[in-house]
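Step one of this worksheet: look at the structure below.
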Amino acid sequence: MKKHGMLFNAQLILTLACCAFLIIPICQSVLTGLSTNAFKGVSSGLTLRWVDEVWTLYSDTIFRSLFIGLACLAVCLAVGVPAAYFMVRMKNRWTKMLEELLVLPLAIPGLAIALGILLCYGGFTEFRMSWLIILAGHVIFCLPFMVRSVAAVMAMVDLDGLEEGAASLGAGFARRFMNVVVPNAMPGIVSGALMVFTLSVGEFNLTWMLHTPMTKTLPVGLADSYASMRLEIGSAYTIFFFALIIPLLTAMQWVGSRSIANVSAAQNADDSMEEQTMTTDIRRHEGRGVPVRLRDCGKTFPDGTLALKPFDLTIEAGQTVVLLGPSGCGKTTTLRIIAGLETPDAGGRVFFGDDDVTGVPIEKRNVGMVFQSYALFPNMTVARNIEYGLRVRGDDDARRTGRVREMLRMMRIEHLADRRISQLSGGQRQRVALARAIAVRPRVLLLDEPLTALDAKLRDSLREEIDTLLKRLGITAVYVTHDQSEAMALGDVVVVMKNGEVAQQGSPRDIYFKPENGFVADFIGTVNTVQCKVNGDRLLLPGGRELSGDSIIPPKTPEGSRAILLFRPEAAEMNSDGHGLLRGEVLSSCFLGDRNRLRVRLPDDSICTLDAPGRQSFHTGKTVSFDVPHHSFRLLSEEESC
């Protein structure tokens, strides 16, 4: 058994001492309220006389305190939770100013707040004489605690991702807020609620100044009792504090924990009229892959950043198009324009079939979306996540249950149906996200780098599964990735993007074997570049050999111009007699089993990468000669190579 050191024992003693320091006075106050004589203590005997007297004389203050505390909590929830949400979502100088204003009451004594309220509203006699003026003071004092608690939790949650995930399934703002935002902010809401209720019930300074003889509260009555030296009565008040407030706080904590665990039941709320209208629109297109057309779509953000230059793109029904390129090239912006999460610049249009959906929000486009972060709802189980979009669309219980089972079976995750999202691995989350997106039978399926966060082996496995699934479903799909192998494996059409514009689009074979510029050639796989010079209908290569350029050299190419000859490593054919088209010195040789990967320096000091048969051996410094089939060359001008 592990022994604890001196530091642990010292910390334990200090903790117990602090607890004793706080608890002993409370126990003493309770015992005084039960003692016959406060000055003699328990030795004078125990009695409930003082408790009974407090109840008889001051029960109205007890109920009034509880009522005002609950009313204050209700107002702070109704105002504070939305306020915290908008402060976290907007994040600008105005929200910073609003936050400072909300916190201002914490820096002002309660008496000063009460004086301000009296000066502003004391002339309204009915308001001044009612408990409402006390409630107003309590709300001003307690609201910052609710806002700060909720905002702190919301700031740690990926609200953008979760809301976009819900919107992609058809949920309008009100439904997203109640089903996604509120449940995931529940720890902050519960914490703020406990603090607000406790502060409101126990607030004295502010209440003392605002109360009237007919609107006394529990703390004011307690102060009056101690002021008149009726210690037994005052201590009996303390007993009521504990007897009434502690069970209420415990109940609130229990309700809060139950809400966090089971808040997905809130999905049973009735659909709004807006959502019912949307459901009709969505079902009109249910289960059909449609062609997608982008016309003159560009995107400039409010700060002036040009994310995407205007371009056209046509995606045939049932086709899988892969947007490929490095980070920041505009591929995700293009996907978000198709989804409806971004609006193209003026003049840009987005069509789903014959429908112009440019101004239609994502929740009404009937798209399925798999986000890079997956955007799964932590407050729901796997089955509930998959079911969410179906529930938003108003499907009945039987239809929802059948579709969820179908999706679980399709993704082979039946055993995960009742698990929380936090209990899943990366691969399992990816399957759930895909099942959720497909469950609603979208017109277009959008996938934003869904495999990026997975390890290499799992990524390859799931890529094959996604490819099989897309072909089986026949759904129109747009897939964003920066991984060339994913693009080659999944795409019917690959769109290579660079700096916010399309560098080339075509079939995977065309992109690989017929790159239209140096960027595409270099980005897709490994490519060799050989400097050459145009000499009539011939190309002068490093080392002095000439290559016939009949089908390679573009018409009207100037005599003597420089050009770049491209070829892939696997196109090289080793020449054993030394009379190959090119020759060079071996700088390194790496045996890969079925082949050797060679790095060879040509006569002009340029470096080529070659694939040679694995059965042959090569050593550093050896001179090798090789040919490249004429059809495997691609000629680019110096301008095209940039």
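The values are calculated or read from the model by the stated rules, or taken from the named source; none is laboratory data. All values derive from a computational prediction rather than experimental measurement. Here the Cβ positions follow ideal geometry from the backbone for every residue, glycine too, while neighbour counts run over all protein chains shown. These area figures cover heavy atoms from the full protein model, side chains too; ligands, DNA and RNA do not enter into them. Shrake-Rupley method; radii C 1.70, N 1.55, O 1.52, S 1.80 Å.
One chain, two ends: LEU473 and ARG349. Fully extended at 0.36 nm per residue, the span grows by 41.9 nm beyond their Cα-Cα distance.
Put the Cα centre of segment 53-101 next to the Cα centre of segment 10-34 and the gap is 30 Å. Excluding same-chain neighbours fewer than eight residues apart, no lysines are reachable from LYS622 by a Cα-Cα span under 26 Å. Near the amide H of LEU445, within less than 5 Å, lie the amide hydrogens of GLY368, THR476, ALA477, VAL478, all on another chain or at least 5 residues away, with H placed in the peptide plane. When you restrict to C-alpha pairs under 8 Å that are six or more residues apart and normalise by the size of segment 337-379, the relative contact order lands at 35 percent.
Computed on segment 569-642, the Cα convex hull volume stands at 107 Å³ per residue.
Please tell me which of these pairs span more than 29 angstrom C-alpha to C-alpha: LYS96/LYS498; LYS331/LYS514; LYS91/LYS364; LYS299/LYS471; LYS309/LYS457? From the list (LYS96/LYS498; LYS331/LYS514; LYS91/LYS364; LYS299/LYS471; LYS309/LYS457), the Cα-Cα distance tops 29 Å for LYS96/LYS498; LYS299/LYS471; LYS309/LYS457.
By the Kirkwood approach, averaging reciprocal distances over each pair of separate Cα atoms, segment 488-642 gets a hydrodynamic radius of 16.5 Å. Computed extension gain for CYS19 through LYS96, at 0.36 nm per residue and net of the alpha carbon distance, reaches 23.9 nm.
Which order, highest average first, do 436-447, 315-326 follow once you tally other Cβ atoms within 10 Å for each residue and take the mean per peptide?
Result, highest mean Cβ count within 10 Å first: 436-447, 315-326.
Placing unit charges on the Cβ atoms only, positive for Lys and Arg and negative for Asp and Glu, gives the chain a dipole magnitude near 1440 debye about its Cα centre.
For segment 128-193, compute Rg over Rh where Rg is the Cα radius of gyration and Rh is the Kirkwood radius from the inverse mean 1/r over Cα pairs. In segment 128-193, Rg relative to Rh is 1.17. Out of every Cα-Cα pair that the chain contains, those further apart than 36 angstrom amount to 59 percent.
Over all pairs of different C-alpha atoms in segment 288-375, the reciprocal of the mean inverse distance, the Kirkwood hydrodynamic radius, equals 13.5 Å.
Farthest toward the positive end of the dipole of segment 550-642, out of SER589, ILE607, ALA572, is the Cα of SER589, where the dipole comes from beta carbon charges about the Cα centre.
Comparing segment 62-162 with the 2.2 N^0.38 Å rule of thumb, its C-alpha radius of gyration ratio is 1.23 (two decimals). Would you mind checking the tilt of helix 273-283 against the longest principal axis of the Cα atoms of the chain, expressed as 0 to 90 degrees and rounded to 10? Its long axis makes an angle of about 30 degrees.
Electrostatic bookkeeping for SER589 treats Lys and Arg as +1 and Asp and Glu as -1; over the other residues with beta carbon under 10 Å from its beta carbon, the sum is +3.
How large is the Rg to Rh ratio of segment 537-614 when both quantities use alpha carbon positions and Rh follows Kirkwood?
Value, to two decimals: 1.02.
The accessible surface of segment 494-642, taken with every protein chain in place and a 1.4 Å probe, is 47 percent carbon and sulfur. A straight line joining the Cα centroids of segment 347-426 and segment 574-642 runs 50 Å. Normalised by residue count, segment 477-547 yields a Cα convex hull volume of 114 Å³ per residue. Per the helix-only calculation at 222 nm, which mean residue ellipticity applies to the chain, given -39500 (n - 2.57) for every DSSP H run of n ≥ 4 and division by its residues, nearest 500 deg cm²/dmol? Roughly -14500 deg cm²/dmol at 222 nm, from the helical runs in the chain.
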